[in-house]
């Protein structure tokens, strides 16, 4: 029997979109996600889920952040339907519609989080509505995390706690309901070189940090060429790892020797390339080329990073998602919480009804014709992994 103790699907979406939950490294813009987590817990408990609300520490903001682990049934296997409760900031002047009101127009649902990715929670609860714990051979887990858009602290807190326990997971990030089993990693770092300023008419009066950075950039590009020749994965649109020189600033006037120069880089490795190993090698190479130049160097973590992920092609969740969607699992360039769930021993795919082109954009929307097919696929995944699945 269908459980009617929670609102209908569109009402759930409307209520979630109406609850602001922006996460941002700028503390002035950062908001708590508590209202979203409590609302999801209220609905999940009405459907018979056992709910755990987990506090998540924040390194840059005093506001409260929370994860939700809602479990229906019990066992050592089962299925996780996972998403993040936060959204990015928005530019109100560029929105035609109210970001915090679900608006139907042009066969679309507009609102901040419709595609990325609050709507996925409502779709997951709709798919679960017909089941009780007695129906399940293995657990169904609704997982809602904090701060995916800023720090991944919610996912990191899960790894630290060793929760949840499951075998299979779907993260409902926007993929157009095409399963994704691989994505690149990312980290961002600053390199600051300090020399000695002086009058430009006599180079012996100083030690030019900008010239030192020229040497460093040349070395970074040599290093990039080396591993782009070594690592290649044709599943990705850009099949090699990338290193982008994104920002540089040095000196203050043409007639002064540059005393300080800072470079910011973005590095996106392929699966199989380890973030910490790459950072160590980069630091060694920069230090080596600057040796004996009388310059000091600092490495500034700008974004600690997210590992690349690869769930095996033969994993059951991959095969089942491919069967249900008639799409071969893909690789994408954007990063998700998948590596953290994989670290917990959960085979994870990324698959949600939105489109990545809508994420982080004004007038974000979810197409209406994606809704019922998504509910149908999620329901069949629940049936396979939780209802019919033996321990």
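Quick note: the coordinates plus some simple rules give every number you see, no bench work behind them. Just so we're clear, the structure is a prediction, and the values are computed from it rather than from any experiment. Neighbour counts are summed over all protein chains in view; Cβ atoms, including those assigned to glycine, are modelled from backbone coordinates with ideal geometry.
Fully extending the segment from residue 360 to residue 255, taken as 0.36 nm per residue of separation minus the present Cα-Cα distance, adds 33.5 nm. Restricting attention to the chain, close to 70% of DSSP beta bridges with both partner residues there are antiparallel. Compared with the dominant Cα axis of the chain, that is its longest principal axis, helix 371-382 is turned about 80°.
When only alpha carbons of the stretch 186-306 are considered, Rg and Dmax amount to 16.0, 54 Å.
Projecting label points 7 angstrom from Cα along Cα→Cβ for residue 200 and residue 100 puts them 5.1 nm apart.
Need the C-alpha centroid separation for the stretch 60-86 versus the stretch 291-329, integer Å. After rounding, the separation between the Cα centres reads 21 Å. Relative to the longest principal axis of the Cα atoms of the chain, the long axis of helix 119-128 lies at roughly 30 degrees.
Stretched out fully, how many nm does the piece from residue 27 to residue 74 gain, at 0.36 nm a residue minus the Cα gap?
Residue separation times 0.36 nm, minus the Cα-Cα distance, leaves 13.0 nm.
The alpha-carbon atoms of the stretch 309-391 define a convex hull whose volume equals 114 cubic angstrom per residue. In this label model, residue 300 and residue 231 are separated by 2.5 nm, measuring between points 7 Å along each Cα→Cβ vector. Normalising the Debye intensity of the chain to I(0), with uniform scatterers on Cα atoms only, and taking log10 at q = 0.08, 0.15 Å⁻¹ returns -0.48, -1.30. Each listed q (0.20, 0.33 Å⁻¹) maps to a log10 I(q)/I(0) for the stretch 340-381 from the Debye sum over equal C-alpha point scatterers, namely -0.79, -1.07. Helix 316-325 and the longest principal axis of the Cα set of the chain meet at an angle near 70°.
Compute the FRET efficiency between residue 45 and residue 134 as 1/(1 + (r/R0)^6), taking r as their Cβ-Cβ distance and R0 = 22 Å, and round to the nearest 0.05.
Numbers: r = 17 Å, r/R0 = 0.75.
So the FRET efficiency works out to roughly 0.85.
Largest GNM mean-square fluctuation among 84, 168, 249, using the chain with Cα springs under 10 Å: 249. Over the chain, DSSP H runs of length four or greater, each weighted -39,500 (n - 2.57), average out per residue to a 222 nm ellipticity of -8500 deg cm²/dmol.
Taking 248, 306, 17 in turn, the Gaussian network model of the chain (Cα-Cα springs below 10 Å) assigns the largest fluctuation to 248. Taking the stretch 118-143 and a reference point 7 angstrom along Cα→Cβ of residue 5, the backbone N atoms nearer than 18 Å belong to 125-136, 140-142. Packing here is the average count of other Cβ atoms within 10 Å per residue, and on that basis the peptides 119-129, 24-34, highest first, run 119-129, 24-34.
Using a simple spin-label model with pseudo-atoms 7 Å out from Cα toward Cβ, residue 214 and residue 247 lie 2.4 nm apart.
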